[in-house]
Ligand SMILES: [Fe+2]
Ligand SMILES: [Fe+2]
């Protein structure tokens, strides 16, 4: 369910940076594309995990309500302070890394079955045919870690602080090291 809101900030940030670039007639330094890729990547997390567990009607209603509140709220926050908005996302992404680490533990301890990786995930992350849910969680966690670094980097840039440019490098989601099953 959290993945339904995770894909919002990237698109909001991309939209606002796009409009700013148009108004000020200036370059975006690649931020728009990076943020759009983040939004797409988060949407793929959702498309993947909805194959593992479908939300019930109540959860779907909550998702609709939360989307309204979160989209508008995040939009206003980004307008007020893009630096704060990116910093907040950086912390959210760190929480996501921790959640997926706990999920890995659940799988390893047999509390969650290590089912076959959904076809959509194998295709998107170019995984082996015998890839499992555990492999998917590993690549998704790496995505979240990347979003964390990018967003903290953007917040640092906006604050005039030093930025680790290596962590900001454009990131094809398919370029993961972890591709093998087992
Ligand atoms: Fe995600
Ligand atoms: Fe995320």
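Within the stretch 11-19, is even one residue out of contact with any helix residue (DSSP H, G or I) (no Cβ under 6 Å at 6 or more places or on another chain) and away from ligand 2 (no atom under 16 Å from the Cβ)? Yes; the residues of the stretch 11-19 include at least one that is out of contact with any helix residue (DSSP H, G or I) (no Cβ under 6 Å at 6 or more places or on another chain) and away from ligand 2 (no atom under 16 Å from the Cβ). Of all residues in the stretch 77-98, those being without any contact (Cβ under 8 Å) to a residue 60 or more places away in the chain and within 16 Å of ligand 1 (Cβ to nearest atom) number 7. Against the conditions (1) part of a helix (DSSP H, G or I); (2) away from ligand 2 (no atom under 16 Å from the Cβ), residue 42 satisfies every one except (2).
Taking first residues from the stretch 136-158 that are under 19 Å from residue 126 (Cβ atoms) and touching a residue at least 60 places away in the same chain (Cβ under 8 Å) and partners that are more than 11 Å from ligand 1 (Cβ to nearest atom) and part of a helix (DSSP H, G or I), the Cβ contacts under 6 Å between residues at least 6 apart in sequence or on separate chains come to 136/121.
Do we have residue 74 as surrounded by 13 or more Cβ atoms within 10 Å (Cβ to Cβ), more than 13 Å from ligand 2 (Cβ to nearest atom), at negative phi and touching a residue at least 12 places away in the same chain (Cβ under 8 Å) here? Yes: the conditions hold for residue 74. Could we say that residue 111 is part of a loop (DSSP other than H, G, I, E, B) and either within 18 Å of the chain's Cα centre (by Cα) or closer than 21 Å to residue 2 by Cβ (or both) here? Yes. Checking each residue in the stretch 100-116 for being within 16 Å of ligand 1 (Cβ to nearest atom) and in contact (Cβ under 8 Å) with a residue 24 or more places away in the chain picks out 100, 101, 103, 104. Among the residues of the stretch 41-61, is any closer than 19 Å to residue 149 by Cα, in contact (Cβ under 8 Å) with a residue 40 or more places away in the chain, more than 15 Å from ligand 1 (Cβ to nearest atom) and loosely packed, with under 15 Cβ neighbours inside 10 Å? No, the stretch 41-61 has no match at all.
All of the numbers you see were taken from the coordinates with simple rules; none came from a lab. Computed from a prediction, not measured in an experiment: that's the story for all the values here. With ideal geometry, Cβ positions are generated from the backbone for all residues, glycine too; neighbour counts draw on all protein chains shown.
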